[in-house]
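Here the structure comes first, spelled out in structure tokens, and everything after it is commentary.
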Amino acid sequence: MSYVESVGFLEDFARDLHCSPAFDWYSTSASAQVRANCAEPLALNGRVVRLELSAGHAASPDQGANLKSRQRYLYGTYAARLRAAACSTRQEGVISGFFTYFNDGSDSDASGMADNSEIDIEWLAAEPQSIYLSVWTSYDLATQGSRRVYRKINLASGTIEYTRFGTDFNPATHRDLASEPEASQPAQIPAIASYDASARFYEYGFHWAPQSVTWWIVHPETGQRIVLWHYRGQCIPQIPAYTMVNIWHSNTWAPEAQPQALACPQTRIAAAVDWIEYQPLEPVLAPASSPATTSART
């Protein structure tokens, strides 16, 4: 791998995915599918990419439908307009995500765990009024050890349910960050009336800098950018990562108020992405022969 100058991208998925210079897709399941150039009247140009799972789909992210950038990117602004997957009941454990990710098992910071460069925006289909934000710097598959911070917000009510730091998957052991200024801003979030991530398209984004990550949503009526979290702590990835969107079945992660919502999809389901944009601050780490593209939104 070598550094090449990054000029960013804007992909609107108005062509078959194999024609995209920015994205490809993968799944270990034959029943997952990602299809671009699909008609969608609510998309800005009438076309979207659809990420689909069949009824009865097996659990695990790799079994899901994963849209993945062809190159890895570092600091900059990441944004997407998308609609999360909706389930036929509120009992399914279906996750939708827009995020960056890279983990090759190396440990460049000598933390004793593999480096895990990851910044997430995620939605659980059983609770589509809420949004989960997280940033990781380490994750070890064998031990399940991690280093991450995360925040959950009910956007329909404007409630920040928690902001925490954890090194495992047991919330009881995690440190509450509500009193730590570098990790707890903003302390209040305005509500978006009737927010449901699976009911309509919303524009989301995050700005990744060497010392901070800032997430936001654009209010669908006012066009105002609402900051959801401005994190300035020690848990900031410093390694280029792939830009991704996915949907998958989890049989272990359910909303706190609905712990039984872990069933596989009962019908075929899909998330839809209108466009994804990246504006860089730093060079991208990628094969020197990889194509670079520029686009401007009109």
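The values are calculated or read from the model by the stated rules, or taken from the named source; none is laboratory data. From a predicted model like this one, the values you see are computed outputs, not experimental measurements. Glycine gets a Cβ as well: all are built from the backbone with ideal geometry, and neighbour counts include every protein chain shown.
The table below lists the values:
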{"quantity": "Residue check, ALA199 among the aliphatic types (A, V, I, L, M) and surrounded by 12 or more Cβ atoms within 10 Å (Cβ to Cβ)", "calculated": "yes"}
{"quantity": "Residue list for the range 243-266, restricted to those being surrounded by fewer than 19 Cβ atoms within 10 Å (Cβ to Cβ) and touching a Ser or Thr at 6+ places or on another chain (Cβ under 6 Å)", "calculated": "GLN266"}
{"quantity": "Number of the condition not met by GLN234 [criteria: (1) at pLDDT below 95; (2) under 20 Å from the mean Cα position of the chain (by Cα)]", "calculated": "(2)"}
{"quantity": "Any hit, the range 85-104, residues being part of a strand (DSSP E or B) and at positive phi", "calculated": "no"}
{"quantity": "Flag if LEU42 is buried (at least 22 other Cβ atoms within 10 Å of the Cβ), hydrophobic (A, V, I, L, M, F, W, C) and modelled with pLDDT of 95 or more", "calculated": "no"}
{"quantity": "Selection from the range 100-144 of residues that are of a type in the set (Val, Ile, Thr) and touching a Ser or Thr at 6+ places or on another chain (Cβ under 7 Å)", "calculated": "THR100, ILE119"}
{"quantity": "Single match in PRO287, PRO280, PRO291 (criterion: exposed (fewer than 15 other Cβ atoms within 10 Å of the Cβ), under 19 Å from TYR101 (Cα atoms) and at pLDDT below 95)", "calculated": "PRO287"}
{"quantity": "Check on SER108, of a type in the set (Gly, Ala, Ser) and either part of a strand (DSSP E or B) or at pLDDT 95 or above (or both)", "calculated": "no"}
{"quantity": "Boolean, GLU11 is out of contact with any Lys or Arg (no Cβ under 8 Å at 6 or more places or on another chain), buried (at least 18 other Cβ atoms within 10 Å of the Cβ), at pLDDT 95 or above and not hydroxyl-bearing (Ser, Thr, Tyr)", "calculated": "yes"}
{"quantity": "From the options SER157, SER194, residue that is surrounded by fewer than 19 Cβ atoms within 10 Å (Cβ to Cβ), on the phi > 0 side of the Ramachandran plot, of a type in the set (Ser, Thr, Tyr) and more than 20 Å from the chain's Cα centre (by Cα)", "calculated": "SER194"}
{"quantity": "Residue within the range 56-78 that is at positive phi and more than 16 Å from the chain's Cα centre (by Cα) present", "calculated": "yes"}
{"quantity": "Subset of the range 100-126 that is over 22 Å from LEU44 (Cβ atoms) and hydrophobic (A, V, I, L, M, F, W, C) - its residue that is surrounded by the fewest Cβ atoms within 10 Å (Cβ to Cβ)", "calculated": "ALA110"}
{"quantity": "TYR26 being buried (at least 17 other Cβ atoms within 10 Å of the Cβ) and farther than 24 Å from ALA261 by Cβ", "calculated": "no"}
{"quantity": "All positions within the range 69-91 that are surrounded by fewer than 21 Cβ atoms within 10 Å (Cβ to Cβ), among the basic types (Lys, Arg) and under 27 Å from HIS219 (Cα atoms)", "calculated": "ARG90"}
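Here is a yes/no grid of residues against (1) in contact with an Asp or Glu (Cβ under 6 Å, 6 or more places away or on another chain); (2) over 29 Å from ALA270 (Cα atoms); (3) among the hydroxyl-bearing types (Ser, Thr, Tyr):
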site: GLY97; (1), (2), (3): yes, no, no
site: ASN103; (1), (2), (3): no, no, no
site: SER111; (1), (2), (3): no, yes, yes
site: GLU118; (1), (2), (3): no, no, no
site: TRP123; (1), (2), (3): no, no, no
site: ALA126; (1), (2), (3): no, no, no
site: TRP136; (1), (2), (3): yes, no, no
